[in-house]
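To start, the structure itself, in structure tokens.
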Amino acid sequence: MKSSEIIRNIFMQSAGSVVVTTLRGKSHVVKLNSDGKTISSKTGLRTQQLDLSIFDIVVDFLRENGGIAQKGNGRNSKVGHGKCTSDTVCYCIATKYYGHKVGESTFDPVFIIAAILDMAGICENSRGYLRLKF
């Protein structure tokens with residue numbers, strides 16, 4: 001079963017809404033939107049709506065990299081530079097999900113994506129890195 005399907009099922013079993021806690025201890029309500037394909041969170045994603053396919057993209061990236069990768073950070077780094085280099089989950093999301101090119105700015109939802117993958121039992125969300133559990 002794909003990661004997106006596992007996560008969608010969790011949302012469906014929870015009446016379309018889950019609470020995830022980030023490593024910094026902040027709780028975020030994340031909702032499955034009425035289309036059944038996207039999620040949103042007023043505190044974690046602001047106005048962004050993320051397609052569930054983002055979870056498959058991240059898990060595929062982790063598998064390609066031996067099951068573990070640095071999360072990275074796109075808030076203060078351009079794609080391909082600083083803390084958003086090609087070996088990070090942030091870079092993966094920026095290029096494979098958002099379609100950004102090296103040198104561009106990107107939205108960085110890694111903290112909420114990692115928290116959801118951890119809540120779903122798919123990944124271990126640790127300081128600085130994300131590791132597949134299976």
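Quick notes
- Cα centroid separation, region 71-134 to region 1-47 (Å): 17 Å
- Taking every DSSP beta bridge that has both ends in the chain, the antiparallel portion is near 95%.
- Size of charge dipole - the chain - debye, nearest 20, with Cβ of Lys, Arg +1 and Asp, Glu -1, no other charges: 380 debye
- Whole-Hz Karplus values for region 117-123 come out as 4, 5, 4, 7, x, 8, 9 Hz, taken residue by residue from phi with 6.51 cos²θ - 1.76 cosθ + 1.60 and θ = phi - 60°; glycine and proline positions read x.
- Take every pair of alpha-carbon atoms less than 8 Å apart whose residues are at least six positions apart; their mean separation over the length of region 65-131 yields a relative contact order of 34 percent.
- Residue-wise HN-Hα coupling along region 27-43, computed from phi with Karplus coefficients 6.51, -1.76, 1.60 (Hz; x: Gly, Pro): 9, 9, 7, 10, 10, 7, 6, 4, 6, x, 10, 10, 10, 8, 7, 4, 8
- Per-atom-type breakdown for region 1-53 gives carbon and sulfur 47% of the accessible area (1.4 Å probe, protein chains only).
The values are calculated or read from the model by the stated rules, or taken from the named source; none is laboratory data. Keep in mind the model is a prediction, meaning the values are calculated, not measured. Cβ coordinates were reconstructed from backbone atoms using ideal geometry, including for glycine residues, and neighbour counts include every protein chain displayed. Surface accessibility is based on the protein's heavy atoms, side chains included, excluding ligands, DNA and RNA. Shrake-Rupley method; radii C 1.70, N 1.55, O 1.52, S 1.80 Å.
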